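Take a look at the structure below.
The values are calculated or read from the model by the stated rules, or taken from the named source; none is laboratory data. Everything numeric here is computed off the predicted structure, so don't read it as measured data. Note that we place each Cβ from the backbone using ideal geometry, even for glycine, and neighbour counts take in every protein chain shown.
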Amino acid sequence: MSHENELPLYIRLSQLFLGIIALFYVLYIGQEIIVPILFALIIAILLNPLVNLLNRKINRIVSITIAVTLATILTFGLLFFIGSQATMFSDSWPQLKIKFTEIIAQTIQWLASTFNISTNQINAWIATTKAEGLSNSTSVIGQTLSTLGGVFVVIFLIPVYIFLFLLYKPLLLNFIAKLFTPGKHEAVVDVLNETKLLIQHYLVGLMLEFLMVSALNTIVLLLLGIEYALLIGVVGGLLNIIPYIGGIVAISIPMLLAIATKEPIYAIYVLGGYTIVQLIDNNIINPMVVAAKVQINALVSIIVVLIGGALWGVSGMFLSLPVTAIIKVIFDKIKSLEPFGYLLGDTMPLMNGSVFIFGKKAKKHHGFTEETK
């Protein structure tokens, strides 16, 4: 086969690099449209078995309506619970604020004595920071209101998207079938089935992990006598859904609360208790109910979570792993992309000597012998 018309490597790499930049640019500027659609698609795949079960006895539209309504009620029930607990927390905020002020004053004194920095300099820096914050408060408030407005729009849009995805499922499947020749339909069906099972198992696993970690967090905080144990435990369980980064934030919140409401040593107790919970989660819960469904190695997981956060914030951190897992399924089914699917996976090869093939072995490996030249 002639390779005379093949483009040089540097041109192909340039095309790939520009294509990646263009893709990420589109994902970034289109996040307000893309993120709700992705969430709706994933949840629709999760609800599909329930819809199929109900559809055996009642009309499909009614089945979809019941499934979407149940999912919406569960979501708003969780939000209502967190909101009611947060209201109780807000009642104690003035006392907590006083305590934090005292802690900050003590910290300033410690910094001044330890590093020979004048307390006036530290206070001046704090005052300047506050002034800059106040000067930008108008724009911050505007951005916050805009964000909240966008959140409410998304909350009401996602159920509509879910309903429509489930309703138009046959049309979407027919569209995908028309994109490929009949000879490739078997591979396409394999990809669709693996993607469906991956998302369903992954989300169910996340729900179980959330419940278990929330329960363990709450038990630890109750044993230590930390206030608002149920609220902080549930929030920690939710943050734990965000891989790696969420766990760090989940630990810092109860530690700060322990410092503000009890003796400083209790922050160490909280750190120890949460560390035990994280060890249980990382070595027992997560491998059994989540990680077995999404076989992405730790290096790639951290990178895609950071990329997702940079592109789409918290939503991107949550979506990064399932989207990467779906991409891996597609790569594994396409011969030319198999190496990239292997790179994303967590299969560690045995290093018994060199993995590269040289000389006559390389020619034999590629089917070139003296007789075939």
Open item on the list: I'd like the full set of residues that are modelled with pLDDT of 80 or more and of a type in the set (Asp, Glu), limited to segment 314-373.
Closed with: Asp332, Glu338
Task: Qualifying residues in segment 252-276 (those that are within 28 Å of the chain's Cα centre (by Cα) and of a type in the set (Gly, Ala, Ser)) - the one nearest to Ala215 (Cα to Cα) - done: Gly273
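Against the definition (part of a helix (DSSP H, G or I) and more than 27 Å from Ser320 (Cβ to Cβ)), how does Leu54 come out, yes or no?
Details: part of a helix (DSSP H, G or I): yes; more than 27 Å from Ser320 (Cβ to Cβ): yes.
Taking the combined requirement at face value, the residue satisfies it.
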- [ ] List the number of the failed condition for Ser301; all other conditions in (1) small (Gly, Ala, Ser); (2) more than 29 Å from Glu32 (Cα to Cα); (3) modelled with pLDDT of 80 or more hold.
- [x] (2)
Task: Of all residues making up segment 53-84, the number that are surrounded by 12 or more Cβ atoms within 10 Å (Cβ to Cβ) and over 22 Å from Lys169 (Cβ atoms) - done: 4
Task: Members of segment 161-189 that are in a helix (DSSP H, G or I) and more than 19 Å from Ala44 (Cα to Cα) - done: Ala177, Lys178, Leu179, Pro182, Gly183, Lys184, His185, Glu186, Ala187, Val188
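Determine whether segment 207-214 contains at least one residue that is at pLDDT below 85 and either under 23 Å from Val323 (Cβ atoms) or surrounded by 19 or more Cβ atoms within 10 Å (Cβ to Cβ) (or both).
We begin by selecting, within segment 207-214, every residue at pLDDT below 85; these are none.
So far as segment 207-214 goes, no, none of its residues is at pLDDT below 85 and either under 23 Å from Val323 (Cβ atoms) or surrounded by 19 or more Cβ atoms within 10 Å (Cβ to Cβ) (or both).
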Task: Qualifying helices (runs of 4 or more DSSP H) (wholly inside segment 240-349; at least 1 residues being basic (Lys, Arg) and surrounded by 14 or more Cβ atoms within 10 Å (Cβ to Cβ)) - done: 298-333
Task: Criterion (part of a helix (DSSP H, G or I) and closer than 30 Å to Asp332 by Cα) met by exactly one of Ile199, Ile232, Ile158, Ile219 - done: Ile199
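From the list Leu23, Leu50, exactly one residue is surrounded by 14 or more Cβ atoms within 10 Å (Cβ to Cβ) and at pLDDT 85 or above. Which is it? Walk me through it before giving the result.
Working: Leu23 fails: surrounded by 14 or more Cβ atoms within 10 Å (Cβ to Cβ).
Exactly one residue qualifies, and that residue is Leu50.
If you check Gly225 against the conditions, is it surrounded by fewer than 21 Cβ atoms within 10 Å (Cβ to Cβ) and on the phi > 0 side of the Ramachandran plot? Spell out how you get there, then give the answer.
Working: surrounded by fewer than 21 Cβ atoms within 10 Å (Cβ to Cβ): yes; on the phi > 0 side of the Ramachandran plot: yes.
Considered against the rule, which asks whether it is surrounded by fewer than 21 Cβ atoms within 10 Å (Cβ to Cβ) and on the phi > 0 side of the Ramachandran plot, Gly225 comes out as yes.
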TODO: Any residue in segment 38-62 that's free of Cβ contacts under 8 Å to residues at least 12 places away in the same chain: show its pairings with residues that are among the polar types (S, T, N, Q) at Cβ separation under 9 Å, as long as the two are six or more apart or on different chains.
DONE: Asn52/Ser63; Leu53/Ser63; Asn55/Ser63; Arg56/Ser63; Lys57/Ser63; Val62/Asn55
